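Remarks on the structure that follows.
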């Protein structure tokens, strides 16, 4: 990348005024997996994408707690990050032991940056090949700092580091840029839930290839004025990740209602999402989406049930099933609802909600493989109707139906 005449020693300047070894260290940060941070006057949220060497390995840890009031996300060489995080923890403990109070965030950032900068001044040590997003709260409020291998540090309201981080920065600028001052300003009215969703949406654009954002391959941590530093567990993270995955359709519905003042017709949304799936089959730049949907809803024309496929096709049904062993469910539905005269499936309008739920669970029961059984924990049921908003049943509401079907 750079001429090797001046890159054998970190203390040697090139004729262009560059320290090539420092630039190489900065490249290590850029090639690490992406991290994102967002700050308000109450909270700081960190999100990070986790990689693993292969399918047999566990995911690497990307977010580390330094003290109860601060933590960090890392991008670059994990061994360097481990050494510096140990240093930061020691500094925090010593400061609290000597002065009886938590270490100010910028004081620690300055010390670790000085340590990184020192390695660019002497041939005895190579530069650290890692960058940090350091989040914390002190007497001055929440802070979000970025430190780089050169020893520089900058405070941000929102930023991202690592591989493909420009995608996340573009998202953050689009969401939070103040047009009048041309600076990023994150509204202090945003809740923790909204900050987490924004951090995950920004992170989503940084993922390469066929990878998808899941609760296993990403990490999120929060710290606030009334919140100690905490990394979310997979169970706590799951609903946020699922919400981001369903982002496109939700966004389309919200925009339609905002512009036209009414709910979006079901088939209009189905057609738009099918067009989006179909587009990916026309260009080498994007792979096809590997997912099918059963979309249920109610509009001015009544209730609808559509199936969309990765090819971009969509079909409306009275009753159907998709997924593994779905033929068993289709056979059950045909046996229960097939009109012999017209040879079409027709579900009687006289059936109650309770009866529909029982039929849906009986159809699902036949799709289960092996010794598995249908339980309230391993299945989900949702209903929507002319006088019923979309609602997913809780485990307690679902329990009597599952027990009836199991019996």
Check your understanding: Taking neighbour counts of Cβ atoms within 10 Å as a proxy for exposure, in what order, fewest first, do 386, 273 appear?
Key -> 386, 273
Exercise for review: With everything on Cα atoms, drop me the angle between helix 105-118 and the longest principal axis of the chain, reported from 0 to 90° to the nearest 10.
Suggested key: 60 degrees
Point to revise | Degrees between helix 20-31 axis and first principal axis of the chain (Cα, 0 to 90, nearest 10) | key: 20 degrees
Point to revise | Fewest-first sequence of 291, 220, 405 by Cβ atoms within 10 Å of each Cβ | key: 291, 405, 220
Exercise for review: On each of the three principal axes of the Cα atoms of the stretch 151-246, give max minus min coordinate, whole Å, ordered largest first.
Suggested key: 39, 37, 34
Practice item. Compute the relative contact order of the stretch 266-406 as a whole-number percentage, counting only Cα pairs closer than 8 Å that sit 6 or more residues apart in sequence. Key: 18 percent
**Study point:** Residue with peak Gaussian network fluctuation, the chain [Cα springs, cutoff 10 Å], from 67, 389, 350
**Key:** 350
Check your understanding: Tell me, what is the percent relative contact order of the chain, built from C-alpha pairs under 8 Å that lie six or more residues apart?
Key -> 13 percent
Study note, to complete from the structure: Semi-axes (Å, rounded, descending) of the ellipsoid equivalent to the stretch 259-319 per its C-alpha gyration tensor are 24, 15, 7
Exercise for review: Name the most mobile residue of 197, 358, 39, meaning the one with the largest mean-square fluctuation, in a Gaussian network model of the chain with Cα contacts below 10 Å.
Suggested key: 358
Revision key, fill the gap. Subtracting the Cα-Cα distance of residue 396 and residue 276 from 0.36 nm times their residue separation yields 39.5 nm
Point to revise | Length-normalised contact order of the stretch 33-174 in % [C-alpha pairs under 8 Å, at least 6 apart] | key: 30 percent
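Give me the number: length gained by fully extending residue 377 to residue 54, i.e. 0.36 nm times residue separation minus the C-alpha to C-alpha distance, one decimal in nm.
Computed gain between residue 377 and residue 54 is 113.2 nm.
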Point to revise | Length gained when the stretch residue 249-residue 300 is fully extended (0.36 nm per residue, less Cα-Cα span) | key: 16.4 nm
Exercise for review: Give me 147, 342 ranked fewest to most by other Cβ atoms within 10 Å of their Cβ, as a rough exposure proxy.
Suggested key: 342, 147
Revision key, fill the gap. Rounded to the nearest 10 degrees, the helix 266-279 long axis (Cα) sits at an angle to the longest Cα principal axis of the chain of 50 degrees
Check your understanding: Which number do you get for Rg(Cα) / (2.2 N^0.38 Å) in the stretch 20-245?
Key -> 0.97
**Study point:** Calculated [θ] (222 nm, deg cm²/dmol) that DSSP helices of n ≥ 4 give over the chain, each run adding -39,500 (n - 2.57)
**Key:** -12000 deg cm²/dmol
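Read-outs throughout are calculated quantities, based only on the coordinates presented, and are distinct from any laboratory measurement. Nothing here was measured: the structure is a model prediction, and the numbers come from that model. Reconstructed Cβ throughout: ideal geometry from the backbone, glycine too, with neighbour counts over all protein chains shown.
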